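Below is one structure; the comments refer to it alone.
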Amino acid sequence: MSDASFLSSQAPSQAPSQAHASPLPPRLNARVSVIIPAAGSGTRFGAALPKQYLDLCGLPILIRTLHVFEQTPCVDAIVIAASEDFHEHIQTLCTTHRITKLAAICPGGTERQYSIFNALNTAPILDSDVVLVHDAVRPFCTPAFITSLAEAAMERGSAIPGLVPKETIKEISSDLSVRSTPPRQHLRAIQTPQAFRRELLHSSYAFAEKQGFIGTDDASVVEFAGNTVFVINGLEENIKITTPFDFAVARMLLERS
Ligand code: CTP
Ligand code: MG
C-alpha cells in the first residue's frame with residue numbers, strides 16, 4: 001500500500017452502538033454468507049479517500065458495517081470485494097477490530113455488479129445456501145433485520161428491503177415534463193441487505209454477464225433473469241452514505257443513540 005497515513009483510525013475494537021438494541025436472533029439451519037461490495041471510489045462524496053474507509057465517530061464506516069454482521073449469529077462468513085490497493089489495509093482493520101468472520105477478500109470490478117460477481121465465485125460463497133449482499137457504506141442495519149431477510153430468502157428464494165417513498169415520485173420525459181405520477185403505494189425505495197438463495201443469485205449473475213446486462217441493484221439482475229423477487233419492510237435508519245450530507249446525518253444518528 002502506498003500511503004496508509006491518511007487512512008481511518010485503527011483504535012482498539014469497540015462495538016458501534018445500535019440505535020435499537022434487541023435480543024440476538026438465533027442461527028438459521030442454513031449456511032449464510034454476506035458479500036460486502038467495497039470497491040467504489042466515492043465520486044459523489046468527493047473525499048480524497050473512498051468513503052467506506054472514512055472515520056465515522058471513531059470507527060471506519062466499513063468496520064461499523066462489518067460489526068453488525070459479526071454480531072448476527074446466523075451469518076457464518078463475510079466476503080469483501082475491494083480494490084487490491086486496499087486488501088492489506090482491510091485485513092489489518094479486520095484484525096484490529098476483531099472481525100472474525102472475514103473469510104475472503106476478492107478484487108473489485110469497474111461496476112458494482114462486477115465486484116459482486118467476483119465475490120460470488122469465491123469458495124465461502126460457493127459453499128453457502130443463502131447469500132446477502134450489503135453495501136459497505138450502510139452501517140446502520142441490525143442483526144434482527146439481517147436475520148429476517150435471510151429467513152425470508154430461505155423460504156421464498158429472495159427478500160429485499162423497501163420503504164414506501166415519503167416524497168411523490170414523478171416519471172419525467174427528456175424535456176422535464178411530467179409523464180406520470182405512479183401511486184405511492186405501488187412504489188418502494190430499495191435498500192440492502194438483499195438476500196437470495198445462493199443458486200438463484202449465482203445463476204442470475206451468470207446470465208446477466210452473458211447477456212451484457214448491468215442492473216442498478218442485485219434484485220434487478222435476478223429480475224432480468226426472469227425470477228420473482230419479494231420485498232419486505234425496510235428500516236428507516238438503514239441509510240446509504242453517498243454524499244457529505246448523508247455523512248452528517250450518520251453522525252447525528254450515532255450521537256443521539
Ligand atoms: N461498489 C463496488 N464496486 C464498484 C462500485 C461500487 O463494490 N465498482 C460498492 C461501493 O464501495 C459501495 C456500494 O457498492 O459500498 C454502493 O455504491 P455507491 O454508494 O455508489 O458507492 P461508490 O460507487 O463508491 O460512490 P459513487 O457512485 O459516488 O462513485
Ligand atoms: Mg457508485
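Derivation of every value follows stated rules applied to the coordinates shown; laboratory data play no part. Remember, it's a predicted structure, so these values are computed and weren't measured experimentally. Methodologically, a virtual Cβ is constructed for each residue, glycine included, from the backbone with ideal geometry; neighbour enumeration extends over all protein chains shown.
Values for this structure:
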item: Relative contact order (percent, whole number), the chain, Cα cutoff 8 Å, 6+ residue spacing; result: 22 percent
item: Net lengthening on full extension, ASP55/GLU88 (0.36 nm per residue, minus Cα-Cα); result: 10.1 nm
item: Solvent-free Debye scattering, log10 I(q)/I(0), computed from the Cα coordinates of segment 32-256 at q = 0.14 Å⁻¹; result: -0.89
item: Estimated distance in nm for a label pair at ALA48 and PHE224, the labels positioned 7 Å out from Cα along Cα-to-Cβ; result: 3.7 nm
item: Enclosed volume per residue, in Å³, of the convex hull spanned by Cα atoms of segment 182-257; result: 148 Å³
item: Mean ellipticity per residue at 222 nm, deg cm²/dmol - from DSSP H runs of n ≥ 4 across the chain, formula -39500 (n - 2.57); result: -9500 deg cm²/dmol
item: Gyration tensor over alpha-carbon atoms, segment 185-228, equivalent ellipsoid semi-axes in Å; result: 19, 12, 9
item: Using a Förster distance of 25 Å, the FRET efficiency for ASN29-GLU199 (Cβ separation, nearest 0.05); result: 0.90
item: When segment 102-203 is reduced to its Cα atoms, the Kirkwood hydrodynamic radius in Å; result: 15.8 Å
item: Label-point gap, in nm, between LEU126 and PHE207 - each point 7 angstrom along Cα→Cβ; result: 2.2 nm
item: Full-extension gain in nm, ALA248 to SER41, via 0.36 nm per residue minus C-alpha separation; result: 72.6 nm
